[in-house]
Amino acid sequence: MRFENRLVLSAMAGINNAEFCRKQKASLVVLGGFNADEGAMEAARRAAERGRKEFIFPDPFEGIEREIKALGRKKFAVNVRSATIEGYLDAAYLVESYSGILEINAHCRQPEFISARCGEWLLFNHEKLLEIVKAVSKITTTSVKIRGGHNMDYPALARKLFEAGCDAIHVDAMIPNGGCNFELIGAVSRYGFVIGNNSFTDIESGERMIRAGARMVSAARAVLRDRNFFEKMLESDLLSQPVEL
């Protein structure tokens, strides 16, 4: 899969639908996060009740497919949460039928999703995460979104994920007190294709992630603050370079 630049629109639940993603100049857009089974959808309903933005579809897969179709010809990933492996498998078959990427969400730290055994729960239950990756990667191109900032061996996890069949790791290299952990990006990037995320707010920070080892860089909230964010990032010779997954 070839991307015309190194820019990625990161998933934002309740925001990243087809209409929003179509407007972005990033070469890869991540739809969702979406919920692929009833357990995750119920978690989304409970999160929405306390004011969280979430995508609530009467039928999860009809909703996801409708957004994929409306996206048009842009290269895309679908960020998915599921309380069961079956949800990930069903999502993988759907995404593969449209030549997309399935992004397994091991990142969401909202308590409703952790209670449902999805999102960041998977980050602390590696065996289950690896089981999902092994199964899903046999069906479609697979990425895993993980969160930094925890006391764990991230390089070892990255190695296991790539060995299990993961094609890319999307790492939110957060530092608990703020900022980006560029050393984490470098350490994880030794094992495969990495998308760097967190504190990408300008050309300098994006280029620094690439030089740390990331192949692509993603932004989310920065795009909400500046609708021309990606256009401005394309002024960088480094960020505007094509890359292959």
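The values are calculated or read from the model by the stated rules, or taken from the named source; none is laboratory data. Please read all numbers here as calculations on a predicted model, not as lab measurements. A quick note on method: Cβ atoms are made from the backbone with ideal geometry, for glycine too, and the neighbour counts reach across all protein chains shown. Heads up: the accessible areas ignore ligands, DNA and RNA and are worked out on the full protein's heavy atoms, side chains in. Shrake-Rupley method; radii C 1.70, N 1.55, O 1.52, S 1.80 Å.
Applying 0.36 nm per residue to the separation of Lys69 and Arg50 and subtracting their alpha-carbon distance, the gain on full extension is 3.8 nm. On a per residue basis, the chain carries 44 Å² of accessible surface, using protein heavy atoms and a 1.4 Å probe.
Charged side chains reduced to their Cβ positions (Lys and Arg at +1, Asp and Glu at -1) give region 1-107 a dipole of some 760 debye around its Cα centre.
Along region 63-79 the Karplus relation, 6.51 cos²θ - 1.76 cosθ + 1.60 evaluated at θ = phi - 60°, assigns HN-Hα couplings of x, 5, 5, 4, 5, 4, 4, 6, 6, x, 9, 5, 6, 9, 10, 10, 7 Hz to successive residues, with x for each Gly and Pro.
Scanning residues 5 or more positions from Gly33 or on other chains, those with amide H under 5 Å from its amide H are Met12, Ala13, Gly14, with H placed 1.01 Å from N in the peptide plane.
Rolling a 1.4 Å probe over the protein heavy atoms of region 1-55, with every protein chain left in place, gives an accessible area that is 42 percent carbon and sulfur.
For region 125-245, with all protein chains present and a 1.4 Å probe, just round the carbon and sulfur fraction of the accessible area to a whole percent.
42 percent
Computed from phi, the 3J(HN,Hα) profile of region 191-201 under the Karplus parametrisation 6.51, -1.76, 1.60 (θ = phi - 60°) reads 9, x, 6, 10, 9, x, 9, 3, 6, 7, 10 Hz, with x in place of Gly and Pro. Estimated from the Cβ-Cβ distance and a Förster radius of 22 angstrom, the FRET efficiency linking Asp202 and Gln241 is about 0.80. Summing charges over neighbours of Val171, with a neighbour being any other residue whose Cβ is under 11 Å away from its Cβ, gives +1 when K and R count +1 and D and E count -1.
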